[in-house]
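Engineer: Take this structure first; my questions come after.
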Protein chains: 2
Amino acid sequence: MKILIDAMGGDNSPDEIIKGCVQTIDELESEIILIGDEKIINEKVREFYEKENITEVNSKLSIKNASEVISNHDSPTEAIKRKKDSSMVVGFKMLKEGEGDVLISAGSTGAFMVGGLLLVGRIKGIDRPALCPILPSHSGKGFMLIDSGANTNCRPMNLVQFAQMGEVYMKNVMHVENPVVGLLNNGAEEGKGNELAKETFTRLSENETVNFYGNIEGREIFDDLVDVVVTDGFTGNIALKTIEGMGSMITKLLKEELMRTPWSKFLAMLIKPYLKNFKKRMDYSEYGGALLLGIKKPMVKCHGSANAKIVKFTLHQAENFAKNNVVESIEKIISKEDMKKNIDN
Amino acid sequence: MKILIDAMGGDNSPDEIIKGCVQTIDELESEIILIGDEKIINEKVREFYEKENITEVNSKLSIKNASEVISNHDSPTEAIKRKKDSSMVVGFKMLKEGEGDVLISAGSTGAFMVGGLLLVGRIKGIDRPALCPILPSHSGKGFMLIDSGANTNCRPMNLVQFAQMGEVYMKNVMHVENPVVGLLNNGAEEGKGNELAKETFTRLSENETVNFYGNIEGREIFDDLVDVVVTDGFTGNIALKTIEGMGSMITKLLKEELMRTPWSKFLAMLIKPYLKNFKKRMDYSEYGGALLLGIKKPMVKCHGSANAKIVKFTLHQAENFAKNNVVESIEKIISKEDMKKNIDN
């Protein structure tokens, strides 16, 4: 397997991206191809190796030169069309041509999705690819939120395909034997929700390829009742970011309270290992990046603020994504019959 | 002021409701009228007073008999029409007739909203009343989430009115000088969002009565950037319940980690006061119940699982709601001109 990684995308690039790759290459079966400014990457790689006192660069780590960078300020569609020698666009082309098996980027989410659609292409029969992070659940098993923001406006057929794709990933990559799908809704009972949710409920109930739990409320998503939580990209994005916002508030509040007095600081120091484990269990970056499902080749969006540690998790995740035939299984499930059935709405 | 409270609604009724009232009556300027089975309430009130060794029941505490109870299993509309002598329906009638200034219930949310609409009535010009809790923010100031679930399908005019009503409440009751309104969206930039969010953005930008911040993402809502977060009831419900779910997972995980070894248990005991303060700061029940704004009289939905402590917060909140002319101020802001401007969409 060859993992392509955009070395120039994200808030902490290229340093943290490169550091993450250097630190992880020995753990992987795959090769890594770092895409971006060859000179800079070369220097940084050497620097990190020198720090570790290793003289010879791992031969599984190579560089593909790309002279431009797509930033978060660029219009995604414009950038994909114009910046033909950007690290991301070079990555898309290599992925398409089979010069790599999976593409990772911590750069612009918009450009990543547009590039996936336009330059790599959708799986035949898939109407809308979706972006889906794995989030922490109480047991530590985790669950997939699909779609977390690729599609602001969805039709019921899109949500059905999200369910199907989510199931495939959880089965093939996360090795969940019979993944269960829940529909994110404002009530548990049948008949709840907006028009999209109501119609999707009916279709998921009737769909034989989906192991459907029924509606699931926001307060239950962490309870390990389902493996895949299906929703449209608008709602999913708000749920995801609310989780992020709350996580960050909680971390701040906990810190503030524990730093309140010299005595509490002392106790906090003693209790730190336990709090660290607590933080680890609620930290979803440990589950890797967000998958872009529905594209002909595996693609993983790494968090924009990713550090070397998160890059490490994402590399492992990308390797598993690439080697577990997710695309092939999705292609199989979205058969021509399903296509016909769904296409009229 | 007279506070009407449904003594029979909620998971812990009537005990915790009555206990909350008995424990709070001395702190309030208002009278409390407990609505429900007279015999049971009388007994319970006496019981709680005896426990405190008080022989004379506070004369500000009285009882209004109601023989029926609306449960969560009842269809809201049916229940409101049929159970005419239920504690909730009796409450609606008393509120409408001016026999009380504000109504609290921990019972069925659906019945509470339907009863408010049908038996108490909307403020003239308000298209859709909304349910809105005050949620904890980082500074402790809190923010209002409106609508958190009363209206699954909304039009832009509804969200504009939610913004107006939210501002009035935050100003009159929470004494925020110039409350700022944010539109919950899947991106900060103008032009983001589904059709509803886009059109609402334009209208809020143009509306002179609203102090509009712009779009706000889920990850920023706890950051004290805005006082009112406006959204439709479907999205708001999912955001609210996701917050609840995450809060509950975090409490569980923290407990599990701190109870892991005898040593961590010991440390946890010492650090408890600080953790208690942390919990208090992220516990939104301390902000009271969810307000039902847009109804002709003040109404507060108390959490279904409310205990005496939460009832206490809700009683104080209800008193403040009733005495700060919220309904009158909303009536003023929703002038006939606004009505005309908004009514065509």
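Engineer: Taking the DSSP beta bridges in chain B as the whole, what percent of them are antiparallel, to the nearest 5?
Structural biologist: Within chain B, antiparallel bridges account for around 25 percent of the total.
Engineer: Nearest 100 Å², what total accessible surface is buried between chain A and chain B (probe 1.4 Å)?
Structural biologist: Adding both sides of the contact gives about 5200 Å².
Engineer: Something else about it: Quick one: which residues, 5 or more positions from A:Ser86 or on another chain, have an amide H under 5 Å from its amide H? H modelled 1.01 Å from N in the peptide plane, none for Pro or chain starts.
Structural biologist: A:Glu68
Engineer: Here's a follow-up. Name the residue farthest towards the positive end of the dipole of the protein assembly as shown from the options B:Val90, A:Cys132, A:Ile63, assuming +1 on Cβ of Lys and Arg, -1 on Cβ of Asp and Glu, about the Cα centre.
Structural biologist: Positive-most Cα among the choices belongs to A:Ile63.
Engineer: Right, something else. Could you order B:Asp227, B:Asp37 so the one with the most accessible surface comes first? Probe is 1.4 Å.
Structural biologist: If we order B:Asp227, B:Asp37 from most to least accessible, we get B:Asp37, B:Asp227.
Engineer: Count the DSSP beta bridges whose two residues both fall in the protein assembly as shown, then state the antiparallel fraction as a percent rounded to the nearest 5.
Structural biologist: 25
Engineer: In peptide B:228-241, how many Cβ atoms from other protein chains are near each Cβ within 10 Å, on average?
Structural biologist: Average per residue, whole number: 5.
Engineer: How far apart are the A:Asn153 label points across copies, placing each 7 Å from Cα toward Cβ, in nm, shortest first?
Structural biologist: With the label placed 7 Å along Cα→Cβ, A:Asn153 yields 1.6 nm.
Engineer: Let me ask something else. Which of the aspartates and glutamates could be linked to A:Lys279 by a straight reach, that is with a Cα gap under 15 Å, when you skip same-chain ones fewer than 8 residues away?
Structural biologist: A:Glu244, B:Glu256, B:Glu257
Engineer: Other chains' Cβ within 10 Å of A:184-194 residues: what's the mean?
Structural biologist: Mean partner-chain Cβ count within 10 Å for A:184-194: 4.
Engineer: Sequence-distant or interchain residues sharing an amide H contact under 5 Å with B:Gly214, placed H: which?
Structural biologist: B:Leu183
Engineer: Looking at the range B:20-55, which GluC sites (Glu not before Pro) are in a loop (DSSP not H, G, I, E or B) and have at most 15 other Cβ atoms within 10 Å?
Structural biologist: For GluC sites (Glu not before Pro) across the range B:20-55 that sit outside H, G, I, E and B with at most 15 neighbouring Cβ atoms in 10 Å, the list reads B:Glu29, B:Glu52.
Engineer: Follow-up question, since we're still on this one. Could you pull the copy-to-copy label distances for A:Glu195, with points set 7 Å along Cα to Cβ, in nm to one decimal and sorted shortest first?
Structural biologist: Ordered by distance, the counterparts are at 0.7 nm.
Engineer: Counting only the heavy atoms of the protein chains, how much of B:Thr209 is accessible to a 1.4 Å probe, in Å² to the nearest 10?
Structural biologist: 50
Engineer: Provide the per-residue ³J(HN,Hα) series for the range B:198-211, in order, calculated from phi with Karplus coefficients 6.51, -1.76, 1.60 and θ = phi - 60°, each as a whole number of Hz, with x at glycine and proline positions.
Structural biologist: With the stated coefficients, the range B:198-211 comes to 4, 5, 5, 4, 4, 5, 5, 5, 7, 6, 6, 7, 10, 8 Hz.
Engineer: Could I ask something else about it? List, in order, the whole-Hz ³J(HN,Hα) value for each residue of the range B:141-156 obtained from phi through the Karplus relation with A = 6.51, B = -1.76, C = 1.60 and θ = phi - 60°; use x for Gly and Pro.
Structural biologist: 5, x, 9, 9, 9, 9, 9, 9, x, 6, 10, 5, 10, 10, 10, x
Engineer: Give the Rg (one decimal place) followed by the Dmax (whole number) of the range A:167-222, computed from C-alpha coordinates and expressed in Å.
Structural biologist: Both quantities, over Cα of the range A:167-222: 11.9, 33 Å.
Engineer: Then there's this: Could you work out the pair-distance distribution P(r) of the range B:130-284 from its alpha-carbon pairs, with 10 angstrom bin width and percents rounded to whole numbers?
Structural biologist: Per 10 Å bin, starting at 0, the Cα pair percentages come out as 11, 37, 27, 14, 9, 2, 0.
Engineer: Given R₀ = 45 Å, FRET efficiency for B:Ser71-B:Asn178 by Cβ-Cβ distance, to 0.05?
Structural biologist: 0.55
Engineer: Evaluate peptide A:262-274: per residue, the Cβ atoms of other protein chains within 10 Å of its Cβ; return the mean as an integer.
Structural biologist: Neighbouring Cβ atoms belonging to other protein chains average 4 per residue here.
Engineer: Using the structure shown, select from A:Lys141/B:Lys276; A:Lys2/A:Lys171; B:Lys252/B:Lys272; B:Lys124/B:Lys297; A:Lys84/A:Lys296; A:Lys2/A:Lys297 the pairs with a Cα to Cα distance greater than 18 angstrom.
Structural biologist: Those over the limit are A:Lys141/B:Lys276; A:Lys2/A:Lys171; A:Lys84/A:Lys296.
Engineer: Excluding ligands, DNA and RNA, what is the solvent-accessible area per residue of the range B:130-284 at a probe of 1.4 Å, expressed in Å²?
Structural biologist: 36
Engineer: Here is a further query. One decimal, nm, shortest first: give the distances between the label point of A:Leu225 and those of the same position in the other copies, each label point 7 Å from Cα along Cα→Cβ.
Structural biologist: 3.1
Engineer: May I pose another question? So who's got an amide H within less than 5 Å of the one on B:Phe143, skipping anything under 5 residues away but keeping other chains? H placed 1.01 Å off N, in plane.
Structural biologist: The answer is B:Leu135, B:Ser137.
Engineer: Further question: Helix-only mean residue ellipticity at 222 nm, the protein assembly as shown, DSSP H runs n ≥ 4 weighted -39,500 (n - 2.57), per residue, nearest 500. What is it?
Structural biologist: -14500 deg cm²/dmol
Engineer: Percent antiparallel among DSSP beta bridges with both residues in the range B:130-284, to the nearest 5?
Structural biologist: 15
Engineer: Could you please state how large a percent of the accessible area of the range A:130-284 is carbon and sulfur, counting protein chains only and using a 1.4 Å probe?
Structural biologist: It is 52 percent, rounded to a whole number.
The values are calculated or read from the model by the stated rules, or taken from the named source; none is laboratory data. Everything numeric in this text was worked out from a predicted model, so none of it was measured. Here Cβ is always computed from backbone atoms with ideal geometry, including for glycine, and neighbour counts include all displayed protein chains. To get the accessible areas, we keep the full protein, side chains included, count just its heavy atoms, and leave off ligands, DNA and RNA. Shrake-Rupley method; radii C 1.70, N 1.55, O 1.52, S 1.80 Å.
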